[in-house]
Amino acid sequence: MDIRIRDAVPDDAEAVEQVRYQGWLATYPNEEFRITREDIKELFRPQLSPEGIENRRHKISEVQKTGRYVVAKVDGRIVGFCILIRYEEKNQLRGIYVLPGYQGKGVGKALWQEVRASIDPKMDTYVELAAYNAVAIGFYSKFGFKDTGRRFSNESQKLKNGAKIPEMEMRLDKAGQ
């Protein structure tokens, strides 16, 4: 499989939002935490609207000023993306998303390798993820990220039924970069 990585452009917004949506549908429903596919669909309804896509276009442009926003293409189709933001005190990996049918095929690794070159080596790198997402925990662990012990939930992602996705933080020590 020929994976091509390039910087995202605003015109990628709709494809990027679809990758996020499909990734969330495949990953986040969880009976224990009362998170259903319907909850995810409802959460994404505004993000998939024309206004939501326009907002994503703007975010792509903004992130490029302070970090990297890259997409992975296979056969001309966007199948994944990664966001890295460099702050004064840390690097923040906003996540690596890959369409479910392309997971486990090197797309996530290729995205990570591309943005890793943009990390400020003088600072630690953090990523936040669902605490029950064993696949993502394993993926980030493979690249040296370690659990910081921090647990939280994001109020802005509160679902219609009141449930919140339990999240955790992992850190890649600057020495491990």
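Size of the dipole of segment 3-176 about the Cα centre, Lys and Arg at +1 and Asp and Glu at -1 on the beta carbon, nothing else charged, in debye to 20? All intermediate terms of the calculation are to be shown ahead of the outcome.
Values: 30 positive and 25 negative charges, 76 e Å.
The calculation lands at about 360 debye.
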- Query: How large is Rg/Rh for segment 5-69, to two decimals, with Cα atoms and a Kirkwood Rh?
  - Reply: 1.06
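Give the range of the longest stretch in the chain that excludes all GluC sites (Glu not before Pro) found in loop regions by DSSP and having at most 13 other beta-carbon atoms within 10 Å. Kindly include the intermediate steps, with their values, before the conclusion.
Working: sites that count: Glu31, Glu32, Glu88, Glu89.
Free of exposed loop sites, the longest segment is 90-177.
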- Note on the structure: Here, Asp173 and Asp147, labelled 7 Å along Cα→Cβ, have an inter-label distance in nm of 1.8
- Item | Distance from segment 111-131 to segment 4-62 (C-alpha centre basis), Å | 20
- Message: Just to confirm a number: summing +1 for Lys and Arg and -1 for Asp and Glu over residues other than Val115 whose beta-carbon lies under 14 angstrom from that of Val115, what do you get?
- Response: +3
- Proxy exposure order for Leu129, Leu111 (fewest C-beta within 10 Å first) is Leu129, Leu111
- Could you pull out the trypsin sites (Lys or Arg not before Pro) across segment 55-114 that fall in loop regions by DSSP (anything but H, G, I, E, B) with no more than 12 other Cβ atoms inside 10 Å? none
- Message: How would segment 61-123 be classified by its alpha-carbon gyration tensor: rounded, prolate or oblate, with rounded meaning a/c under 1.5 and the a/b versus b/c comparison settling the rest?
- Response: prolate
- Task: From the C-alpha gyration tensor of the chain, pull out the three semi-axes of the equivalent ellipsoid (sqrt of 5λ each), sorted largest to smallest, in whole Å.
- Result: 23, 21, 16
- For a label point 7 angstrom out from the Cα of Lys160 toward its Cβ, which stretches of segment 42-65 have the backbone nitrogen within less than 17 Å? 42-49
- Task: Report the net charge of residues surrounding Leu129, where surrounding means a beta-carbon distance below 15 angstrom and charges are Lys +1, Arg +1, Asp -1, Glu -1.
- Result: +4
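The numbers here are math on the coordinates, done by the rules we state, and not lab data. Just so it is clear, the model here is predicted, and its values are computed rather than measured. Quick reminder, even Gly has a Cβ in these numbers, built from the backbone with ideal geometry, and neighbours come from all protein chains shown.
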